Amino acid sequence: METQGRLIVDVARLDAGGEWYRGETAPDVLDLGESEFVAPLGGVVYALNIQAVGTELLVRGELRQRLTCVCSRCAAAFETEAADTDFICSVEINETTDFLDLTEEIREAIILALPGYPVCRETCKGLCMTCGANLNEKRCACREKGNDGRWAALEALK
């Protein structure tokens, strides 16, 4: 598996039956800025079948990106993977198209595959709303002290 900066297809030399492109993009392809909540661990790994069909370049395959995320419930860092196992896109080409850069299409697909609210595990208990303790690591005494009186009016509506 080779690592390269961008995925550029040589359309002029593409086999009539299509070709498989496998590899990994540069780690900075996602360009997430200075995000402290999501960071890529390496580049986007791809396995794509690319075929010229008439005036279109049909691209189908699989994309995977390892990430480090911050849990939206407990604020702990964890590793996960964003994947698009049914990636498909079509790009218009003509007789003058020699090379085509598919990096932006790959970037968009992985960004859409990112979790909206990443959690370290489905059973994550999160943080205590009162004292901020991580409820996965310890049990806090806030619930034992009694209910918060500010919500009493809403609880009476039940």
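The values are calculated or read from the model by the stated rules, or taken from the named source; none is laboratory data. The structure presented is a predicted model; accordingly, all values stated were derived computationally and were not measured. Virtual Cβ from ideal backbone geometry, glycine too; neighbours counted across all protein chains shown. The protein model used for the area step is the full one, side chains on, heavy atoms only, and it has no ligands, DNA or RNA in it. Shrake-Rupley method; radii C 1.70, N 1.55, O 1.52, S 1.80 Å.
Selection of the range 109-118 for residues being in contact with a strand residue (DSSP E or B) (Cβ under 9 Å, 6 or more places away or on another chain) and open to solvent by 30 Å² or more (accessible area, probe 1.4 Å) yields 111, 112, 113, 114, 115. Check whether at least one residue in the range 57-74 is in a strand (DSSP E or B), β-branched (Val, Ile, Thr), over 12 Å from the mean Cα position of the chain (by Cα) and surrounded by 12 or more Cβ atoms within 10 Å (Cβ to Cβ), and report yes or no. Checked against the condition, which is being in a strand (DSSP E or B), β-branched (Val, Ile, Thr), over 12 Å from the mean Cα position of the chain (by Cα) and surrounded by 12 or more Cβ atoms within 10 Å (Cβ to Cβ), the range 57-74 yields at least one hit.
For the range 22-31, the candidate set comprises residues that are touching a residue at least 40 places away in the same chain (Cβ under 8 Å) and of a type outside the set (S, T, N, Q); within that set, the residue that is surrounded by the fewest Cβ atoms within 10 Å (Cβ to Cβ) is 31. Evaluated against (1) surrounded by 15 or more Cβ atoms within 10 Å (Cβ to Cβ); (2) closer than 30 Å to residue 132 by Cβ; (3) touching a Ser or Thr at 6+ places or on another chain (Cβ under 6 Å), residue 79 falls short on exactly one condition, (1). Being at pLDDT 95 or above and over 30 Å from residue 121 (Cβ atoms) holds for only one residue in 60, 6, 22, and it is 60.
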